[in-house]
Amino acid sequence: MKKCLIVGKPNVGKTAFLINFAEYLGVRIIEFDFALPDGTKFKKKYSCKTAFHELVDSNPHKTLALQSVTLEIPVGKGKKKKYK
């Protein structure tokens, strides 16, 4: 398993990048693990479109919890073509 950490200043598009990258990789459902400041933890599954709509906003400070995501990346899609 490969791990990646996305860091950056507030309101620069970290969550938007994650969702767009997951969609680019062919992921259809993203399961987010949230950790709130009071210690509460919960999980929620989103489609890429719904995740973008609910978790990304032009107003500052939309993300109020730490987010963790494990992406199941599809591999071996289709047949590979050999070019001569």
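Please name all residue pairs, on different chains or six or more residues apart, with Cβ atoms under 6 Å, provided the first residue is in the stretch 38-58 and is free of Cβ contacts under 8 Å to residues at least 12 places away in the same chain and over 15 Å from G13 (Cα atoms) and the second residue is of a type in the set (A, V, I, L, M, F, W, C) and assigned to a strand (DSSP E or B).
K41/A35; F42/F34
Go through the stretch 9-41 and give me each residue that's in contact with a Ser or Thr (Cβ under 9 Å, 6 or more places away or on another chain), closer than 12 Å to L55 by Cα and either among the acidic types (D, E) or outside any strand (DSSP E or B) (or both).
Matches in the stretch 9-41: N11, K14, T15.
If I6 satisfies all but one of (1) outside any strand (DSSP E or B); (2) surrounded by 12 or more Cβ atoms within 10 Å (Cβ to Cβ); (3) in contact (Cβ under 8 Å) with a residue 24 or more places away in the chain, what's the number of the condition it fails?
(3)
Answer with yes or no whether H61 is exposed (fewer than 13 other Cβ atoms within 10 Å of the Cβ), over 11 Å from the mean Cα position of the chain (by Cα) and touching a residue at least 12 places away in the same chain (Cβ under 8 Å). If you could, list the steps in order and put the result at the bottom.
Numbers: exposed (fewer than 13 other Cβ atoms within 10 Å of the Cβ): yes; over 11 Å from the mean Cα position of the chain (by Cα): yes; touching a residue at least 12 places away in the same chain (Cβ under 8 Å): yes.
Against the criterion (exposed (fewer than 13 other Cβ atoms within 10 Å of the Cβ), over 11 Å from the mean Cα position of the chain (by Cα) and touching a residue at least 12 places away in the same chain (Cβ under 8 Å)), H61 qualifies.
Give the residues of the stretch 13-25 that are exposed (fewer than 13 other Cβ atoms within 10 Å of the Cβ) and either more than 21 Å from Y46 (Cα to Cα) or touching a Leu at 6+ places or on another chain (Cβ under 8 Å) (or both), sorted by residue number.
Correct list: L25 only.
Quickly run through the stretch 39-77 and pick out the residues that are farther than 22 Å from V7 by Cβ and among the polar types (S, T, N, Q).
T40, S47, T50
For E31, are the conditions met, namely being surrounded by 13 or more Cβ atoms within 10 Å (Cβ to Cβ), over 12 Å from V69 (Cβ atoms) and either touching a residue at least 60 places away in the same chain (Cβ under 8 Å) or acidic (D, E) (or both)?
So E31 does not fit the description; no.
Would a scan of the stretch 2-16 turn up a residue that is of a type in the set (A, V, I, L, M), modelled with pLDDT under 95 and within 12 Å of L71 (Cα to Cα)?
Looking through the stretch 2-16, none of the residues is of a type in the set (A, V, I, L, M), modelled with pLDDT under 95 and within 12 Å of L71 (Cα to Cα).
The values are calculated or read from the model by the stated rules, or taken from the named source; none is laboratory data. Just so you know, these numbers come straight off a predicted model, no measurement behind them. Positions of Cβ are backbone-derived with ideal geometry, glycine not excepted, and every protein chain shown enters the neighbour counts.
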